[in-house]
Amino acid sequence: MKKTQVLLSVTGRAQAPDDENEEAVRLLTTGTLSEEKRDHWRIDYTETQPDSESHDVTLTMGGGVVTMQRQGPFSTSMVFEKGCRFEGSYETPYGALDMGVFPTLVQYHVDRQAVGEVNLQYQLDLQGHFAAMHELNIRFCPAGDV
């Protein structure tokens, strides 16, 4: 299994139903890209925001499905398959919340030079109520190419 150090640009946006302002979060970090099997990829990186805890994130991509596992004080696992609702939980230091994810866009591409992109758009429900529409864009390239 070949592993490549990559530089990642992560952009997340959330639009709540009663909020006209779109919240955007941007992160530049490094991680590891590996090909699990032919056309099935895995990216591991650490998500750190100013004034917040660190979270270890694992993304897997293959067969038109993207999964995300986030470990840390606020942890979750999500499965993104266009048109398929996923239900799980969002673990917090204060307790667990029921969570639902309904993806409207699931795209990813990785080339043989370890350059790629992941694009997700999804509706997020918490405790059975609509919370926000989310967009997640992750671009990556070999860390030595910067």
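Where a number appears in this text, it was derived from the coordinates with a stated rule and is not lab data. It should be emphasised that the depicted structure is a prediction, and the values quoted were computed from it without experimental measurement. Note: ideal-geometry Cβ built from the backbone for every residue, glycine included; neighbour counts use all protein chains shown.
Summary of values
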{"quantity": "Separation in nanometres of the label points that stand 7 Å from Cα toward Cβ, at Thr32 and Lys2", "calculated": "1.7 nm"}
{"quantity": "Dipole of the stretch 3-145, positive end: most advanced residue of Gln5, Ala24, Thr67 [Cβ charges, Cα centre]", "calculated": "Gln5"}
{"quantity": "The stretch 31-146 - Rg (one decimal) and Dmax (whole number), Cα, Å", "calculated": "14.7, 44"}
{"quantity": "Gln127 versus Glu87: modelled label distance in nm, points set 7 Å from Cα along the beta carbon direction", "calculated": "1.7 nm"}
{"quantity": "Given 14 as the ceiling on other Cβ atoms within 10 Å, longest exposed-site-free region of the chain for GluC sites (Glu not before Pro) in DSSP loops", "calculated": "54-146"}
{"quantity": "Coil-residue trypsin sites (Lys or Arg not before Pro) of the stretch 54-137, DSSP, other Cβ within 10 Å capped at 14", "calculated": "Arg85, Arg112"}
{"quantity": "Relative contact order (%) - criterion: Cα under 8 Å, at least six apart; region: the chain", "calculated": "21 percent"}
{"quantity": "Neighbour cut-off at most 10 other Cβ (10 Å), DSSP loop, chymotrypsin sites (Phe, Trp or Tyr not before Pro), the stretch 26-98", "calculated": "Tyr94"}
